[in-house]
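The values are calculated or read from the model by the stated rules, or taken from the named source; none is laboratory data. Just so it is clear, the model here is predicted, and its values are computed rather than measured. Cβ sites come from the backbone with ideal geometry, for glycine too, and all protein chains shown count toward neighbours. Heavy atoms of the whole protein, side chains included, go into the accessibility calculation; ligands, DNA and RNA do not. Shrake-Rupley method; radii C 1.70, N 1.55, O 1.52, S 1.80 Å.
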Amino acid sequence: MAICVSGSHTLFVNRSNLKTVAVLSREKKMRVQYDLKQGQSRNFHELPSGLSMEVIVQKGAKKNTNFEYPPLVFVHGSYHAAWCWAEHWLPFFSSSGHDCYAISLLGQGESDSPPDSVAGTLQTHARDVADFICRNIGSPPVLVGHSFGGLIIQYYISNLGSDELKEDLYPKLKGAVLVCSVPPSGNSGIVWRYIFSKPIVAFKVTRSLAAKAFQTSLSLCRETFFSATMEDHVVRRYQELMKESSRMPLFDLRKLNASLPVPSVPNCPFEILVLGAKDDFIVDAEGLKETAKFYGVPPVCVDAIAHDMMLDVSWEKGAEVIFSWLNGSEK
């Protein structure tokens, strides 16, 4: 069963007959709310565990063409939630004809929290994404993941293959886009490179992310996620939303790193776009190259844009690269 929030009511949607029933408003998890844009709706997908994941949906504009527009499913990284895609990229891609679904992983955004100290593991997050696709998406989607969300998608991809059991658990994909993604070996290599080659950057990244200093320092928040030209009031708005987006860590990083690298995927049956940002403060050029080499594709690096490509001042640059890739991959 899916749950849809509209205005002050929560709607439970029975997918077998598409009837809706209004019930009392669902308790809000974030003290700072993200206001949806026109054409967007906030839904809640119930997992087998009984916990529900927030999903922001924006259906694709109808096009008078025989061209097939695959659905797009977006997966965020640490300190973010579904709202980070709803700001710019959901309107952009839905206007191009794609049905768009942005997921908030457990313990993030308006999603429920598991009874643990962390939101999950690489395996459980990937399975939650797979469960959503299996029960809600009618045709193979393109998965789009940012930062640690990209690593989750990499694990999803590693479970696709000839094994029929795995295909039942992990629905087939049309393609995948890894945006400023943590590489297959994790972020430890990036950290060590920064320590030896850029110790000041290493200190800032650690202070910003591990110590969560980005939540209180506007300048550090900007330097970590955005371009220097982003105005203070915009950085402040995103900073407040990021503070509220993550009630618990996505992973236990020590256990995560012990489980890496993700398994390789020989003869991947679909195309993968590895997309990076020239001004990324978190994922360096070597990390981008590692991910691209792992999948045997050339990396695409967008100039004059920072780690949060989907929110940054020039957000349309990355969106247009993906749009062109989507058109090419459909031919």
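Under the combined filter of DSSP loop state and at most 14 neighbouring Cβ atoms within 10 Å, segment 208-237 retains none of its chymotrypsin sites (Phe, Trp or Tyr not before Pro). In the full protein context, the chain carries 45 Å² of accessible surface per residue, based on a 1.4 Å probe and ignoring ligands, DNA and RNA.
The share of accessible area on the chain that comes from carbon and sulfur is 54 percent, using a 1.4 angstrom probe.
What Kirkwood hydrodynamic radius do you get for segment 40-327 when you take the inverse of the mean 1/r over all pairs of distinct Cα atoms, in Å?
On the way: mean 1/r = 0.0528 Å⁻¹.
Radius from the Kirkwood sum: 18.9 Å.
From its DSSP helices (H runs of at least four residues, each -39,500 (n - 2.57)), the chain gives a residue-normalised ellipticity at 222 nm of -10000 deg cm²/dmol. Residues ARG222, ARG127 ordered from highest to lowest accessible area at a 1.4 Å probe: ARG127, ARG222.
Once Rh for segment 194-323 is found with the Kirkwood sum over Cα pairs, what is the Stokes-Einstein diffusion coefficient at 37 °C and 0.692 mPa s, in µm²/s?
Result for D is 200 µm²/s.
Take each peptide in 260-267, 110-117, count the other Cβ atoms within 10 Å of every residue, and average; sorted highest first, the result is 110-117, 260-267.
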